[in-house]
């Protein structure tokens, strides 16, 4: 059985698009030519890959399976190209990262700024995703590496823990909780919260814990960043739960009070997820080395 790499890349474009026409456009083909290639691929595999109707296309179960394998194959092809680029093994290439809210907004911008300044031939696609989507993305090859906080529930991944993420409560000066050394999540639910936008990993994480208690999180307003949350809290609009690193940084310029959360889940290990570290191109390994402490272990799950 022979697979044409151009056909696999076309199938990825179609599988990630709402219609065959849009997928064909991404592959710089006419819809008729793209359709003929996909039909030939179905004939070779002797199975149907797409459901076609007036609304567009949808992958069959076999199509989903092929999409996973095609992504992995094309990523390996990209890795091969990156390894033999004239810039060297870690000076050029493209890195795709799925990460949680804290990583995207707090520490990755600074890390990537220094990393990319030293490597003008490197480009990065950084996307904020929920933890389950980060794990899935690394497993199916959509992402070269993932960054999450908390336990990893997946098999077939290598996990590298590199730092600790602690969640804290912030309140405005003069708030009735301001004199407390620590509080539970339940004790905060009597007050209106300032939260992150829907789809953020932190808000989803907090809502899950609140729902397990049979209660709801009263959100007065949702913001797009930890800095914006801190400004709202300082103005007395509500209280918020954010990473300690963000609370300490913004407390230098804002009148905020930080209170420890008396919850076991408030302290979370940050981890880098990859399928196989040694199989990654030098560019990705170099970025991971930048994030990792020298003595950090690699754990398979």
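The values are calculated or read from the model by the stated rules, or taken from the named source; none is laboratory data. Everything numeric here is computed off the predicted structure, so don't read it as measured data. Reconstructed Cβ throughout: ideal geometry from the backbone, glycine too, with neighbour counts over all protein chains shown.
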Seminar exercise, completed: Counting only residues in the stretch 247-265 that are surrounded by fewer than 19 Cβ atoms within 10 Å (Cβ to Cβ) and in a helix (DSSP H, G or I), the one farthest from the chain's Cα centre (by Cα) is identified as 251
Exercise. Out of all the residues in the stretch 40-55, is one or more at pLDDT below 90, in a strand (DSSP E or B), in the same structural domain as residue 289 (by TED's automatic domain parsing) and surrounded by 13 or more Cβ atoms within 10 Å (Cβ to Cβ)?
Worked result: no
Problem set entry | Check on residue 108, at pLDDT 90 or above, surrounded by 13 or more Cβ atoms within 10 Å (Cβ to Cβ) and in a helix (DSSP H, G or I) | yes
Problem set entry | Evaluation of residue 151 against (1) assigned by TED's automatic domain parsing to the domain that holds residue 273; (2) touching a helix residue (DSSP H, G or I) at 6+ places or on another chain (Cβ under 8 Å) (one fails), failing number | (2)
Seminar exercise, completed: If you go through 216, 225, 155, the only one that is within 26 Å of the chain's Cα centre (by Cα) and farther than 29 Å from residue 271 by Cβ is 216
For this session: Could you check residue 179 against (1) on the phi < 0 side of the Ramachandran plot; (2) in a loop (DSSP other than H, G, I, E, B); (3) modelled with pLDDT of 95 or more and say which number it fails?
Result: (3)
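Counting only residues that are outside any helix (DSSP H, G or I) and touching a residue at least 24 places away in the same chain (Cβ under 8 Å), how many does the stretch 182-215 have? Walk me through it before giving the result.
Step one: of the stretch 182-215, the residues outside any helix (DSSP H, G or I) are 182-184, 189-200, 213-215.
Filter once more, so that each one left must be touching a residue at least 24 places away in the same chain (Cβ under 8 Å): 182-184, 189, 191-200, 213, 215.
Count: 16.
On the given criteria, is residue 89 within 19 Å of residue 161 (Cβ to Cβ), in contact with a helix residue (DSSP H, G or I) (Cβ under 8 Å, 6 or more places away or on another chain), assigned by TED's automatic domain parsing to the domain that holds residue 289 and modelled with pLDDT under 95? Walk me through how you get there before you give the answer.
Numbers: within 19 Å of residue 161 (Cβ to Cβ): no; in contact with a helix residue (DSSP H, G or I) (Cβ under 8 Å, 6 or more places away or on another chain): yes; assigned by TED's automatic domain parsing to the domain that holds residue 289: yes; modelled with pLDDT under 95: yes.
No, not satisfied.
Among the listed residues 241, 194, 229, 288, which satisfies the condition of being within 20 Å of residue 128 (Cα to Cα) and in the same structural domain as residue 104 (by TED's automatic domain parsing)? Walk me through how you get there before you give the answer.
On the way: 241 fails: in the same structural domain as residue 104 (by TED's automatic domain parsing); 194 fails: in the same structural domain as residue 104 (by TED's automatic domain parsing); 229 fails: in the same structural domain as residue 104 (by TED's automatic domain parsing).
Unique residue meeting the criteria: 288.
Name the residue that is surrounded by the fewest Cβ atoms within 10 Å (Cβ to Cβ), counting only residues in the stretch 217-237 that are in contact (Cβ under 8 Å) with a residue 24 or more places away in the chain and touching a helix residue (DSSP H, G or I) at 6+ places or on another chain (Cβ under 7 Å). Walk me through how you get there before you give the answer.
To start, the set of residues in the stretch 217-237 that are in contact (Cβ under 8 Å) with a residue 24 or more places away in the chain comprises 217-226, 229-230, 232-237.
Those left that are additionally touching a helix residue (DSSP H, G or I) at 6+ places or on another chain (Cβ under 7 Å): 217, 221, 223, 225-226, 230.
Details: 217: 17, 221: 13, 223: 19, 225: 17, 226: 23, 230: 24.
Looking at the filtered set, the residue picked out is 221.
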